[in-house]
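First comes the structure, then the notes that go with it.
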Amino acid sequence: MYDVKSPNAREFISHEEIMATLAWVQENKNNSSLIGEILEKASEKKGLHHREAALLLTSGDNEKLFCIAREIKREFYGDRVVLFAPLYLSNYCVNGCVYCPFNAKNNEMPRKKLSQDEIRREVTALQDMGHKRLVIETGEHPGQNPIEYVLESIKTIYGIHHKNGAIRRVNVNVAAATTEDYRKLKEAGIGTYLLFQETYHEETYNRIHPSGPKSCFARHTEAIDRAMQGGIDDIGLGVLFGLADCVYEFVALLMHAEHLEAVYGVGPHTLSVPRIRRAQGVDESNFTHGVDDDTFARIVACLRISAPYTGIIISTRESGECRKKVLDVGVSQISGGSRTSVGGYDPPETAEDTRQFEISDNRSLDEIVNWLINIGYIPSFCTACYREGRVGDRFMKLCKTGQIQNCCHPNALLTLQEYLIDYAESDTRAAGERLISREILKITNEKTRTVTLENLEKIKKGSRDFRI
């Protein structure tokens, strides 16, 4: 039974509904009239139902699809690209996930857990790069990584102020938890809570999660509901593409977003689209559902069209060339200067044997910032919405009306100015200053433009942390 409002994972992510959707798509893949109607609906920029989106993913040419995706991204996100970095706290894990080198049965993986002093050194190194936003990562281990450890680490991170550096938003990607633990995370001041499903195909899920708490499909899939009930209204969903059929996963991901919208009145804050990558101790022959670059770009474009108000994240798993392609059709957040190892930032590359997966884009944060500027984007280190209480349904209301641009555009320029003065190489700073001079003229509200100009001058004189 399919029930979008059901609390039961097997009902709001109904296998029968997904299979019926795939059959419907197959029946209509050559129905040019219907495809045209859906594209027309997509151009209204109000989103699509999972069946409509699945048909666009599998049918029609790229030109119209990508054109609509670009228009939607430009209207809601402008040319801004938000930057962040992952911070791995611990790779201790009790789960048996066969795609992850942190799994409990991988005896080749050295185990490491950062002390609070080590976290301070890691965060200081990240601040010295220029980062303002982190996502913390841990394996699932009740003994080594209890909620108390995560909460203490968040407090430590927020308390570190080095030179002009400060982490202003800590997003959290930790294992499925209880409603009470989610309340504690909310009280700790987290930004977005991210939990990736990995795969929504239950038979595959059970096969690749043979042991540990994560092996329970329902417990994991329903965790986002517990997070919402615990007061976390900014959540992030994700699929690890390559584990099961990508169209199946795409449909299920949208169904999960539709469930949250139906029950809580607000969908996910972000959607993440990692593809499986080579990792120590992982047998790649187990995974035969690889997604090529062209299909991957279509997935991103269809997600942008289907969930126009939702951020889309891509990590350094992907190459610079691939990231450029998907930035164009929907991605709004990327990582930069990332390490996927425990203790990999201070000093850099000293913990390669503890990394979760291989990185494809190894450029430094400054190289990423410079690259973004030169291909026409505005690198943003903004964290203002969370700190001003523009989260959950309040953020969505502003986004759906287009008013969020009045905040995000000037805040992006203010945080970029901070980066240029405090961290940028000379050529990056020169390119960034030229960009800011051009972009200031695009702020149409005279009062906002005046305030932004005043704050830019204050930043140049040494003040920090202004926001609209």
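General observations
- Sole residue being in contact (Cβ under 8 Å) with a residue 24 or more places away in the chain, farther than 30 Å from Pro7 by Cβ and aliphatic (A, V, I, L, M), chosen from Ala125, Ala188: Ala125
- Of the residues making up the range 56-110, those that are part of a loop (DSSP other than H, G, I, E, B) and either more than 30 Å from Gly344 (Cβ to Cβ) or in contact with a helix residue (DSSP H, G or I) (Cβ under 8 Å, 6 or more places away or on another chain) (or both) number 14.
- Residue in the range 168-219 that is farthest from the chain's Cα centre (by Cα), counting only those that are aliphatic (A, V, I, L, M), part of a helix (DSSP H, G or I) and buried (at least 20 other Cβ atoms within 10 Å of the Cβ): Ile208
- Filter result for Leu126 (surrounded by 22 or more Cβ atoms within 10 Å (Cβ to Cβ), in a strand (DSSP E or B), under 23 Å from the mean Cα position of the chain (by Cα) and not β-branched (Val, Ile, Thr)): no
- Residue in the range 276-284 that is part of a strand (DSSP E or B) and surrounded by fewer than 16 Cβ atoms within 10 Å (Cβ to Cβ) present: no
- Some residue of the range 145-161 being at pLDDT below 95 and more than 23 Å from Gly311 (Cβ to Cβ): yes
- Within the range 402-468, helices (runs of 4 or more DSSP H) holding 3 or more residues that are β-branched (Val, Ile, Thr): 426-440, 446-460
- Residue list for the range 363-394, restricted to those being among the hydroxyl-bearing types (Ser, Thr, Tyr) and either assigned to a loop (DSSP other than H, G, I, E, B) or modelled with pLDDT of 90 or more (or both): Ser364, Tyr377, Ser380, Thr383
- Residues within the range 23-55 that are more than 12 Å from Ser306 (Cα to Cα) and not aliphatic (A, V, I, L, M), tallied: 12
- The range 258-288, residues that are closer than 23 Å to Glu52 by Cβ and in contact with an Asp or Glu (Cβ under 6 Å, 6 or more places away or on another chain): Gly265, Val266, Gly267, His269
- Considered as a group, the residues in the range 239-256 that are out of contact with any helix residue (DSSP H, G or I) (no Cβ under 8 Å at 6 or more places or on another chain) and surrounded by fewer than 23 Cβ atoms within 10 Å (Cβ to Cβ) include one that is modelled with the lowest pLDDT, and that residue is Gly242.
The values are calculated or read from the model by the stated rules, or taken from the named source; none is laboratory data. The model shown is predicted, which means the values in this text are computed figures rather than measured ones. In this analysis, Cβ positions are derived from the backbone assuming ideal geometry, glycine residues included, and neighbour counts consider all displayed protein chains.
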